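Okay, so here's the structure we're looking at.
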Amino acid sequence: MSTESTSTVAKVLKPTILILIAIVAIASRLFSIIRFESVIHEFDPWFNYRTTQHLVKNGFYDFWNWFDEKSWYPLGRVVGGTVYPGIMVTSALIHNVLHFFNFPVDIRNVCVFLAPMFSGLTAFSAYLLTKELKDSSAGLLAAAFLGVAPGYISRSVAGSYDNEGIAIFLLVFTFYLWIKAVKTGSAFFGLMTALFYFYMVSAWGGYVFITNLVPLHAFTLVLMGRFSNRLYVSYSTFYAVGTLLSMQIPFVGFQPTRTSEHMAALGVFGLLQLYAFAELVRGYVSPKQFKTLLKGGIASVAIVSVVILTLLSLTGVVAPFTGRFYSLYDTGYAKIHIPIIASVSEHQPTAWTSFFFDLQMLIFLFPAGVYLCFKELKDEHVFIILYSVFASYFAGVMVRLMLTLTPVVCVSAAIAYSTLLDTYLEKSDHVLASSLRDAAAPSDTSDSKASGSSSKKPIPKGKTPETEPKPQPKSSATGEKKRFPIFNWDSRLVVILQLTWFLFMFAWHCTYVTSGSYSSPSIVLASRNQDGSQMIIDDFREAYYWLRKNTKEDAKVMSWWDYGYQMAGMANITTLVDNNTWNNTHIATVGKAMATSEEVAYPLLRRHDVDYILIIFGAVIGYSGDDINKFLWMIRIAEGVYPNEVKEANFFTSRGEYKVDHDATLTMKNSLMYKMSYYRFADLYGGNAVDHVRGARMPSEGPSLSVLEEAYSSEHFLVRIYKVKQPDNLGRNLKDATAFDK
């Protein structure tokens, strides 16, 4: 086939393959829709969905100034100033465009399918990024890897309407634009980098990763002696425009100029200005004068910078690093100082098995790809190396940050895999001819140089002939280094079959993990009956529907903060705390009410106008994510604010065990959480109850309640709702009144 025909076929195949990859990426995220229904998953997505509904119904201006009275009662929440609005605005824009063209799509379906649709764009971004690093073949592999990698699918399945659904696309595409800007020195690409950085800032708090990685790349290039006008133009454009745009998000505000997490970007910006000025001065003075000026300038700038930064930090103008930042460098910091951060499962350190589970064979190809970047070590390869090192570290200290590691693993693995394929799929005839030409070239040259001298100089006695250096691989006319050829097809076939088998196993693993582990909505549980048939456990939606239909419009419901967003979204009811976790004292107050006795908790409930309390209890069906298993975190958070009234040690036995059966401590048995959880539990089993989560045989006589009454328990006792009693009309103590009534 001629070169022109091959080029034409490639031009057709590449976009076709990219489209197929996007289709596979989208389809692999639809298992939850096929098995269950089109529904929003998890906890945080319900807040995003609720705010998107408000945006679509009332418009952007009302959304931006929305004060939500139904959350954080009695404090409320200013939504526009405490949210990253990127995902809501994106969904509303898509919804409005579809309706403009007379496609009557419900906003719920837009939200459900948003993350899968963006996964196709993420695959395309990976293609563009990897193409800049190697070639289009490696780009296609990177797109395919990232499209189905479980490490990315875990937060982008259909129904997972969370910020990461669009943020990973923005992360990868922003990095592609930055690489393009550095390679070309184009202010246009620097501006595009800033625009997509602004989009990223509006979508996810993880934008800080870009804020620090890009200046780190620029700083490293300066240290390597690679300062250039290209770097100066691209970074200056990115920082100046990107910072100004990011400050337009109310939740971010002046943080880019007043928080320690953003100071590195500002420092590198200043350094580049000084470096460029020094290069300008170098052209107008002698080397000796320049050396003197340089020494004095560096000393002056260093002293002034340290003094100013110290003064700004001491006066509070520049805020110190946050607790979340410290928890990335000390995994035990949050547990000691900020238990509310440590209580979140996705903030825990990553188990080593998770890397293989989420990345499979890519985790082994990843170091090989980084090594190949070291061999090339162009400006763009330096960026990938830095990205790999820091993303690997952060993914190790926090499970959630596996998301930021997955793109660079896919890119690096694609580079390694593509290099292997290039080596073993190259045509042998072409390689042989090229090798023969390269081998013949030195001999021809030496013959021409040796014309007229047919004899060699004799070697003196006792001397050994000098060893000639081994010939190094020569560069071709295109500038590519010559690879050592693999001539035998049997050797090629063995390697190619193995590589193909690895791809097959990777696709199988990704499909299996996505289908089995990442496609189950948390609000709808699935189990198996004894005959193998599927059993759907829909207790969450049953309970929220009951709240929506059987309580007053202004009723206040107290629960642990995990369920606040879901209750507000599905039950449309007022909650005391939710997943925003901005007020630690308010959450600690809820924890105190749960961890203390009825006599202590009741005044707290009345003071906060609580009408109902909702808890999750999994002992009947073996649901391990219930409130008894989370109870220790409630205790720890409450103890941090009320150390004299709540003590964690009182909930452990003398042997240091956390017990809920006969051996449970008196403090545990008297706590409101324990009583609400195990109230009437023994009656279900005729006095012989077993907690199927903790494997504990419970007392035959369960706890009694005096300040609460059971209002609703779902079909499998998974969600239990209690109504707070009103004060006794005769002024009696509720415990005495209850005993009298009995």
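The values are calculated or read from the model by the stated rules, or taken from the named source; none is laboratory data. Model, not experiment: these values are computed from the prediction. Neighbour counts run over all protein chains shown; Cβ positions are idealised from the backbone, glycine included. These accessible areas exclude ligands, DNA and RNA; they are computed on the full protein's heavy atoms, side chains included. Shrake-Rupley method; radii C 1.70, N 1.55, O 1.52, S 1.80 Å.
The table for this structure:
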quantity: Top-ranked residue in region 356-378 [being of a type in the set (D, E, K, R) and assigned to a helix (DSSP H, G or I); ranked as nearest to Leu146 (Cα to Cα)]; calculated: Asp358
quantity: Answer from Val83, Val89, Val105 - the residue that is modelled with pLDDT under 95 and either farther than 20 Å from His41 by Cβ or in contact with a His (Cβ under 8 Å, 6 or more places away or on another chain) (or both); calculated: Val105
quantity: Only one of Phe145, Phe118 that is open to solvent by 10 Å² or more (accessible area, probe 1.4 Å) and at pLDDT 95 or above; calculated: Phe118
quantity: Members of region 628-658 found to be basic (Lys, Arg) and either surrounded by fewer than 16 Cβ atoms within 10 Å (Cβ to Cβ) or modelled with pLDDT of 95 or more (or both), listed by number; calculated: Lys647, Arg655
quantity: Residue match in region 201-224 (condition: closer than 26 Å to Leu280 by Cα and in a loop (DSSP other than H, G, I, E, B)); calculated: yes
quantity: Every residue from region 718-738 that is open to solvent by 20 Å² or more (accessible area, probe 1.4 Å) and either within 30 Å of Ala526 (Cβ to Cβ) or among the charged types (D, E, K, R) (or both); calculated: Lys723, Lys725, Asp728, Arg732, Lys735, Asp736
quantity: Among (1) assigned to a helix (DSSP H, G or I); (2) within 26 Å of Ile573 (Cβ to Cβ); (3) open to solvent by less than 30 Å² (accessible area, probe 1.4 Å) - the single one Ile21 does not satisfy; calculated: (2)
quantity: Counted residues, region 507-536 - those being at pLDDT 90 or above, open to solvent by 60 Å² or more (accessible area, probe 1.4 Å) and not hydroxyl-bearing (Ser, Thr, Tyr); calculated: 1
quantity: Counted residues, region 66-81 - those being open to solvent by less than 40 Å² (accessible area, probe 1.4 Å) and either in contact with a helix residue (DSSP H, G or I) (Cβ under 7 Å, 6 or more places away or on another chain) or in a loop (DSSP other than H, G, I, E, B) (or both); calculated: 7
quantity: Scope region 686-701; condition outside any loop (DSSP other than H, G, I, E, B), among the aliphatic types (A, V, I, L, M) and in contact with an Asp or Glu (Cβ under 9 Å, 6 or more places away or on another chain); matching residues; calculated: Ala696
quantity: Selection status of Asp379, in contact (Cβ under 8 Å) with a residue 60 or more places away in the chain and either within 30 Å of Trp508 (Cβ to Cβ) or open to solvent by 50 Å² or more (accessible area, probe 1.4 Å) (or both); calculated: no
quantity: Selected residue [within 20 Å of the chain's Cα centre (by Cα), modelled with pLDDT of 95 or more and surrounded by 15 or more Cβ atoms within 10 Å (Cβ to Cβ)] from Val408, Val399; calculated: Val408
quantity: Region 671-717: number of residues that are without any contact (Cβ under 8 Å) to a residue 40 or more places away in the chain, open to solvent by less than 40 Å² (accessible area, probe 1.4 Å) and over 26 Å from Asn650 (Cα atoms); calculated: 2
quantity: Single match in Leu128, Leu146, Leu114, Leu141 (criterion: part of a helix (DSSP H, G or I) and either of a type in the set (Asp, Glu) or over 30 Å from Thr184 (Cα atoms) (or both)); calculated: Leu114
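Each row is one residue, and each column tells you yes or no for (1) basic (Lys, Arg); (2) more than 21 Å from Met200 (Cβ to Cβ); (3) at pLDDT 75 or above.
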{"site": "Leu223", "(1), (2), (3)": "no, yes, yes"}
{"site": "Val241", "(1), (2), (3)": "no, no, yes"}
{"site": "Leu245", "(1), (2), (3)": "no, no, yes"}
{"site": "Phe269", "(1), (2), (3)": "no, no, yes"}
{"site": "Tyr284", "(1), (2), (3)": "no, yes, yes"}
{"site": "Leu294", "(1), (2), (3)": "no, yes, no"}
{"site": "Gly323", "(1), (2), (3)": "no, yes, no"}
